[in-house]
Amino acid sequence: MNPLMAKEIRLLRPAYAMAMLLAVIPLWLLPTQESGAEFIMCVALIFGTLMMALSSFGREFGMNTFPLMLAQPLTRVRIWRTKVGVLAGAIATVWLGFLVSWAVNYSFKAGNFSWFTRNVAADLLAAGLLLLAAFVILASGLWATLLLRQMVAAFWFALLVPVVMLVVLDWKGATTLTISIAFIAYSVMGFWWAWRLFRKAQEAAWTGGEVTLPAWQSSRTASEATTRPFRPIRALFWKELKLQQIAILGMGALFLLHLGIVLIRKATHGAIENPLVETVLEMFGGIWFIVPVVTSSLNVADERRLGTMEGHLCLPVSSRVQFVIKLLVVMVLSGCLSSLLLWVAEGMGSTIGAGVLFGGGVSTPGARADLPSFPIWAAVFSAPIFISISLISFYASTLSRNIMQSVATAVAVGIVLSSAGAIAESLHQIDSSTLWQGPLLTIIGWPTMAVALVWLAYGNFRRLSETRRLWLRNICGLGFTMLGIATVTAGLYNRAWELLTPLEPPHGLARLNAEQPPILHADYWGGISIVLPDGRLWHDRFVYGPGHRLITFADNRVFGWGGKLSSVITGDHFIEGSNWVDEAHNAWGETAAIRSDGTLWISEKGTQPFWENARPVPQPAAKLIQFGSDTNWKRVATQMGQHAMILLKTDGTLWRWGSNRSDGRLADIKPHRLGNESDWAEINSNGSSLFARKTDGRVWNIYFWTKDTQNDQLRLDPETVISRWEVLDKVKWRSVAWCPPGQLGVREDGTLWTLSPHYESPRSVREELVQIGNATNWISVVGDNRMLMALKADGSLWKWEWERNAWQFEQQWAVTHPPTHLGIHNDWVAIGSGWNGIVALAADGSLWIWLDYSFNPASLLAPPTRKPTKLENIFDENK
């Protein structure tokens, strides 16, 4: 390869790598459907291209190799052609990479740019304007660098001059054709002027060196005697301000231009025909995000370029103080001042009705008037973003010797950190284990990373130049920091400290036993009832205190979830009498119970439904009164999903009591018979549906009637239908429970079985019973929305685990996923399922619940699923 061309490639390599990253990565990190995102992508592309255009001659001036290049035995025409040719080729490949990435991104994410339409002529015009933009950037970078011979000053001139032209032309009402011709002329004149400056260039620039502001003194100061007071802090602050003076001037010019953009937006009222010009005017404020990258990147890097770092470290001021001053100036100027200027400019635009950043004007036709005003948006988001960009750029400057290396490093570090954050958010779950969720990763990650960047930057600041060892130290430091953030976040979210604490507190003396187990009923609405072996009936109702808003109904009723479980029943929870054999209750807090003499009793007055009161308000205990004079009632169960009850009489008839209406109270409706059959032997609930067994062993499933009712179902009344459940025929079950992704049941012989679906075709499923293990001491099994738990005769609890997102049935799922022992106690006597967990009764009378947090909003910490929550002890009085 030609040595001159190889030298040019090495010269452009940092800027080229940065420009390619800015052209490709934002397309995949940002949602392309958002109008603001597409402008950010284009700003990143233009910024990377401009930095390449500035690097061709700018790095020559920065490294003081420009005089050596002129002294080479080569004609200036050849040097110019080589430089411009390599630069143009690099820009072309970057823009080609952008277009290819956009095309692939469009295919995968269905993204698009608003200024591209299905009109061929309009699309060609937009493509031509984008191509013209590349030539404008190339010409601006060349003439500004050769004229000023300083990359920071050249950056501001190369950026602001074309924007000012666009604003002035639009202000004068120029058409798209006129604007295009003007920029073509600007590009041609820019190339000609750059070539003229290079052809006549000498070893020293016409400005005499660095572009600086003139110093001045007041007349009083000049007349006073010359003294040298020792004010190191003040001197260091003043020196830092002088180092940033070009950046400050550029920010001032950008602010004035931004005000002009705001006035034009107000004057045009969205009447601009060119979509590119309209987008630039509405989203011009996005250019401010470039400011902290440029201004912060030149801090330490410029000191090394000017050769003043060695003298700095020899000053009679600690390096820690110097570092803090540099960091403070960068954060104030680049982070806070640039954000403030953006806030002021767009705030004025919002005040006069000229629109807001990324939203369009409220007075513009078709604008989104529902967006908040820009000052509110800026106060919340812009300052932290600008400060973060400034910190990353300042850190990059401590690793570099010139502005181009610093900007490229800042872009690379920013993309790495953003990509790592996006990957961490998407990979928050491995198999069935959740590593983190909610805002915890952000709360821990960004402050920790900020501290790490400051610590690494201070270490880099104390070293005179970058070395391989220094880069290795920083790469390892950032890598270990991200690994530590992930480890700490996962540990905190999953409550790692609970592994060192006991799972459950000790239980008291046993007052119940598994040989004569009580009957426990827990419903979806917080009600729990227990029929003890001695015939006593205990009942309570629990609600969640103020917590997250989980369910909001159409009439704005809110069901609070996530707070502390509290009992709402006051006084003695035991219902009067000691000869109860069965009980059921519904969402209204109404209770229906059967005594041993076959009489039916109902609650005199129900409690409030769960959705009408999400706060624990004390309510009196339910009082049961006899209903009717029949003495042949046998079983009662709540119809799942309804407020009605299904009842069974000793004569084998089925009855239904209630209504599908939300305001239907049991006390106002008389029971009515279901069908004409009188051979029903048993009714039972499995947590999701109700099934009934006849005397011949056939099993039927009881449903609430809907319009989707199939033809094979038998309608018993206007609201109830039944269908055959043949797989459960000829078998007597102790309990059956259903939960995605499986259904389990315990037979009378104590064996555990599961319904295994076999898909004979996409629309045909055949179920068969498959035994789980060989144990014969199972007592009962219950299921919640995503929990399955079973109880053995030895008092042990067992739980099935599966992937949280597994909603589909799997063949023989429960057979291939054996249960695990739950807790440390083996004195459990009864279990029941509720809306948000599994309730268990211990032998000492204490009630515990294993909560299921599947529907809880993302919180800082994972729910304590390994530990149960104690509700109360049923034998405690006056709770």
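Considering all C-alpha pairs of the range 407-546, those separated by over 25 Å amount to 58%. Structure note, pairs 623/670; 694/732; 694/792; 623/870: Cα-Cα distances above 21 angstrom occur for 694/792; 623/870.
Applying 1/(1 + (r/R0)^6) with R0 = 30 Å to the Cβ-Cβ distance of residue 793 and residue 767 gives a FRET efficiency near 0.65. For the pair residue 625 and residue 165 in one chain, pulling the backbone fully straight at 0.36 nm per residue adds 156.8 nm over the alpha carbon distance. For the range 439-548, with all protein chains in place and a probe radius of 1.4 Å, 67% of the accessible heavy-atom surface sits on carbon or sulfur.
Database remark: amide H of residue 639 closer than 5 angstrom to the amide H of 644, 645, 646 (H placed geometrically; neighbours at sequence offset of 5 or more, or on other chains; Pro and chain starts carry no H).
The 3J(HN,Hα) values that the Karplus relation (6.51, -1.76, 1.60; θ = phi - 60°) gives for the range 714-719 are, in residue order, 9, 8, 8, 7, x, 10 Hz. Gly and Pro appear as x.
Compared with the direct C-alpha span, the chain from residue 92 to residue 715 gains 216.9 nm at full extension, assuming 0.36 nm per residue. Phi-derived couplings, Karplus 6.51 cos²θ - 1.76 cosθ + 1.60 at θ = phi - 60°, listed residue by residue for the range 76-91: 5, 4, 5, 4, 4, 5, 5, 4, 5, x, 5, 5, 5, x, 5, 5 Hz, with x used for Gly and Pro. Residues whose amide H lies under 5 Å from that of residue 527, counting only those 5 or more places away or on a different chain, are 542; hydrogens are built 1.01 Å from N in the peptide plane.
Projected label points at residue 826 and residue 184, each 7 Å from Cα along the beta carbon direction, are separated by 9.1 nanometres. Scanning residues 5 or more positions from residue 729 or on other chains, those with amide H under 5 Å from its amide H are 699, with H placed 1.01 Å from N in the peptide plane.
Determine, from the Cβ-Cβ distance of residue 504 and residue 817 and an R0 of 30 Å, the FRET efficiency 1/(1 + (r/R0)^6), rounded to the nearest 0.05. E(calc), rounded to 0.05, equals 0.80. Gain on full extension, evaluated as 0.36 nm per residue between residue 651 and residue 471 minus their Cα-Cα distance, stands at 56.1 nm.
The values are calculated or read from the model by the stated rules, or taken from the named source; none is laboratory data. Values in this document were obtained by computation on a predicted structure and should not be read as measured data. Methodologically, a virtual Cβ is constructed for each residue, glycine included, from the backbone with ideal geometry; neighbour enumeration extends over all protein chains shown. For accessibility, only protein heavy atoms count, side chains too; no ligands or nucleic acids. Shrake-Rupley method; radii C 1.70, N 1.55, O 1.52, S 1.80 Å.
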